[in-house]
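Undergrad: Please see the structure below; I have some questions.
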Amino acid sequence: MVSDMNFASPWAFLALLVIPLLIYRELGRERKTAVRFPSLQLVAATGTSIKIKLRRLPLLLRIIALILLITALARPQKGIEKVYDVSNGIAIEVVVDRSGSMGAEMEFNGETTNRLEVVKRVFSEFVNGNHDELQGRPNDLIGMISFARYSETVCPLTLAHDAVGEMVRQVELVNTRAEDGTAIGDAVGLAAARLKDAEKTLSEQTDKGKKGQYQIKSKIIILLTDGAGNCGVLSPEEGAALAKKWGIKIYTIGIGDQPGDLANAGIFSFLRAGRPRIDTKTLKKLAQDTGGIFRLASDGDALLAVYREIDALETSEIESVRYIDYREFFPRFALMGLVLLVLETVLRCTLFRRIL
């Protein structure tokens, strides 16, 4: 349902008070401009030209332009009320490794691409459904955090899943050595902090006047990585400790077909130099300590199977929740106002030019 037009900054309309002053000033200038004639009979006989009749056109254009620009400052919006059938939803933070090793080749749907691209595509199917085993997660708060040497929020927790896909598509592999690394602990810690405040985020997106309309049933982190923590402020265990403290489960997924336990690699680790190694021991521990599960995914189909398992474990119940997605209209008002100002300036400098 589309709501009526409203203004985010209605106080901007106070600027309309300058328009009467502008009109008074312009008309005053006209009264002061005069040429003495001994008689007006001859002038009257010449008639009135179209140019004289339209002499106030530039003033009219300026007034309309100011009204449009002031309206743009008031930020006109139209809200589209969206309805989701939810009652008990789940807050999900997907934590994705975008380090250089995620550029290794991986198969998905008969196509060879890189691991990061497969992770993004399968995540999209998990959120929106694939008309097959995955029905999508329309009832859940979804967010994403990416990490390499540093972690960052790609998409804040939201019920508006249309925006999630666009934000996720912008996630890319690191392109400089200085950014490369695998800061698992920092990323998990950031995800846990976001989920800790999920109720506040939810209240900003839903109808606050309706108590008990939406309850967060559980909070989970889905961690996807093809390596081991090797940088960052927090260790993976410290990040997981924060999640456990705040009641958040971690599902860990090792991406790749060359898993290895770094703790037991021993003196033969040099034989595997340059090959992706997954710290399965740490990933298992993160999952076990927080009540989640650990799985390996060697290709896109295996990753899809893991998501199906998580999808079955984390279910939500049904009710009705509403939120309003606002569309901004100020750019069109600002553009029309600027066009009219340019037209007024051109007319004043050409057809309606005054010689004082």
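Undergrad: So, R0 is 45 Å and r is the distance between the beta-carbons of PHE13 and ALA305; what FRET efficiency does that work out to, to 0.05?
TA: 0.20
Undergrad: Taking 8 Å as the Cα distance limit and 6 or more residues as the minimum spacing, I'd like the relative contact order of segment 100-144 as a percentage.
TA: 21 percent
Undergrad: With a ≥ b ≥ c taken as the square roots of the eigenvalues of the C-alpha gyration tensor of segment 86-319, please select rounded if a/c is under 1.5 and otherwise prolate if a/b is larger than b/c or oblate if it is not?
TA: prolate
Undergrad: Which net charge results for the neighbourhood of TYR307, defined as the other residues with beta-carbon distances under 14 angstrom from its beta-carbon, given Lys and Arg at +1 and Asp and Glu at -1?
TA: Details: positive: LYS120, ARG121, ARG137, ARG295, ARG308; negative: GLU125, ASP132, GLU133, ASP140, ASP299, ASP301, GLU309, ASP311, GLU314.
The answer is -4.
Undergrad: Name the long-range amide H neighbours of ALA148: under 5 Å, sequence gap of 5 or more, or other chain; modelled H, no Pro or chain starts.
TA: The answer is ARG98, ALA183.
Undergrad: Provide the FRET efficiency to the nearest 0.05 for the GLU237-GLN77 pair, computing r from the beta carbons and using R0 = 56 Å.
TA: 0.75
Undergrad: Quick check on the exposure proxy: order MET336, MET106 from fewest to most C-beta atoms within 10 angstrom.
TA: On the way: MET336 17, MET106 25.
By the 10 Å Cβ count, ascending: MET336, MET106.
Undergrad: Pull out the extension gain between GLU204 and ARG353, defined as 0.36 nm times the separation in residues minus the alpha carbon to alpha carbon distance; nm, one decimal.
TA: That works out to 48.2 nm of additional length.
Undergrad: List the residues of segment 92-106 whose backbone N lies under 12 Å from a point placed 7 Å from the Cα of GLU166 along the Cα-to-Cβ direction.
TA: What the label zone holds, given the 12 Å backbone N cut-off, is no residue at all.
Only the coordinates and a few stated rules stand behind these numbers; no lab work does. This structure is a prediction, so every number in the text was calculated from the model and none was measured. Cβ: placed from backbone, ideal geometry, glycine included. Neighbour counts: every protein chain shown.
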